[in-house]
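Asks: Let me give you the structure first, and then I'll get to my questions.
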Amino acid sequence: MKHRFVSACAVAALLTGVAVAAQPQPADLASLEGTWVMDSAYEIHPDGTRSTNYGEHPLGLLNVDSAGRYNLQIFKAGRSAFASGDKTRGTPDEYRQAVLGSSTHFGSVAIDRAKHQLVFDVRAASFPNWEGKRQLRDYTFKDGVLSYAVPAGASGNGVVAYSVWRRVAP
């Protein structure tokens, strides 16, 4: 009787393994470690329209080390220089464009595989309201491209922002 039970368990385990192996497995992000360049950044508004706060071809760099420490920079391409040439003597509009045309932060990042989210623990940011906060981002990873969404509630205006990154070969 014991022998039949063990044999039945072995057969069940084998069949389960075959069934699992036969199912197509989605591409997963094994690690964030490395250097990533920005492919695009865009926003989807509640009415379905699309905009690009950083322009059609933003400049972005995301670095993640083996300990999960990250730094991220996004810049609108073609930002205007300050007319004075002095960072301390910009006009209100120059300061506004400089701030709204960039996003930078650093801290630690991890992958929550169970929830399929990136978890950013922001240590410092160009937008001070993010400092010391945890940001959760649903992500997709396909064909070497990482895309994550900033949920509508994060902005307070119903806009969902997307960042799309491609890993740079070492």
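The values are calculated or read from the model by the stated rules, or taken from the named source; none is laboratory data. The structure displayed is predicted, hence computed values, not measured ones. Every residue, glycine as well, gets a Cβ built from its backbone with ideal geometry; the counts of neighbours run over all protein chains shown. The accessibility values were calculated without ligands, DNA or RNA, using every heavy atom of the protein model including side chains. Shrake-Rupley method; radii C 1.70, N 1.55, O 1.52, S 1.80 Å.
Asks: Might you let me know whether the range 24-31 holds any residue that is at pLDDT 95 or above, assigned to a loop (DSSP other than H, G, I, E, B) and either open to solvent by less than 80 Å² (accessible area, probe 1.4 Å) or more than 30 Å from residue 152 (Cα to Cα) (or both)?
Replies: Taking every residue of the range 24-31 in turn, none turns out to be at pLDDT 95 or above, assigned to a loop (DSSP other than H, G, I, E, B) and either open to solvent by less than 80 Å² (accessible area, probe 1.4 Å) or more than 30 Å from residue 152 (Cα to Cα) (or both).
Asks: I've got another one for you. Find the residue count for the range 51-97, including only residues that are within 18 Å of residue 32 (Cβ to Cβ), without any contact (Cβ under 8 Å) to a residue 40 or more places away in the chain and of a type in the set (Ser, Thr, Tyr).
Replies: 1
Asks: Give just the number: which of (1) out of contact with any strand residue (DSSP E or B) (no Cβ under 6 Å at 6 or more places or on another chain); (2) open to solvent by 70 Å² or more (accessible area, probe 1.4 Å); (3) at pLDDT 95 or above does residue 106 not satisfy?
Replies: (1)
Asks: So is residue 70 modelled with pLDDT of 95 or more and either part of a helix (DSSP H, G or I) or touching a Gly at 6+ places or on another chain (Cβ under 8 Å) (or both) or not? Full working, then the answer.
Replies: Details: modelled with pLDDT of 95 or more: yes; either part of a helix (DSSP H, G or I) or touching a Gly at 6+ places or on another chain (Cβ under 8 Å) (or both): yes.
Yes: the conditions hold for residue 70.
Asks: Just to be sure before I move on: is residue 164 touching a residue at least 40 places away in the same chain (Cβ under 8 Å) and of a type in the set (A, V, I, L, M, F, W, C) in the structure I sent?
Replies: When the stated conditions are applied, residue 164 passes them.
Asks: On to the next question. Can you report the number of residues in the range 52-64 which are open to solvent by less than 30 Å² (accessible area, probe 1.4 Å) and modelled with pLDDT of 95 or more?
Replies: Matching residues across the range 52-64 total 4.
Asks: Based on what the data block shows, is residue 163 within 17 Å of residue 102 (Cα to Cα), at pLDDT below 95 and of a type outside the set (D, E, K, R)? Step through it out loud before you land on a result.
Replies: Numbers: within 17 Å of residue 102 (Cα to Cα): yes; at pLDDT below 95: no; of a type outside the set (D, E, K, R): yes.
Judged against the criteria, residue 163 is not a match.
Asks: Hey, residue 138 hits all of (1) in contact with a Ser or Thr (Cβ under 9 Å, 6 or more places away or on another chain); (2) without any contact (Cβ under 8 Å) to a residue 40 or more places away in the chain but one; which does it fall short on?
Replies: Just one mismatch for residue 138, condition (1).
Asks: Could you grab me the full set of residues in the range 109-139 that are open to solvent by 70 Å² or more (accessible area, probe 1.4 Å) and in contact with a Pro (Cβ under 9 Å, 6 or more places away or on another chain)?
Replies: Selection gives 136, 138.
Asks: Oh, and also: Are any residues in the range 73-94 part of a loop (DSSP other than H, G, I, E, B), out of contact with any Asp or Glu (no Cβ under 9 Å at 6 or more places or on another chain) and open to solvent by 60 Å² or more (accessible area, probe 1.4 Å), and if so, which ones?
Replies: Once the filter is applied, which keeps residues that are part of a loop (DSSP other than H, G, I, E, B), out of contact with any Asp or Glu (no Cβ under 9 Å at 6 or more places or on another chain) and open to solvent by 60 Å² or more (accessible area, probe 1.4 Å), the range 73-94 yields 76, 78, 79, 85, 91.
Asks: So is residue 100 in contact (Cβ under 8 Å) with a residue 60 or more places away in the chain and among the aliphatic types (A, V, I, L, M) or not?
Replies: Against the criterion (in contact (Cβ under 8 Å) with a residue 60 or more places away in the chain and among the aliphatic types (A, V, I, L, M)), residue 100 does not qualify.
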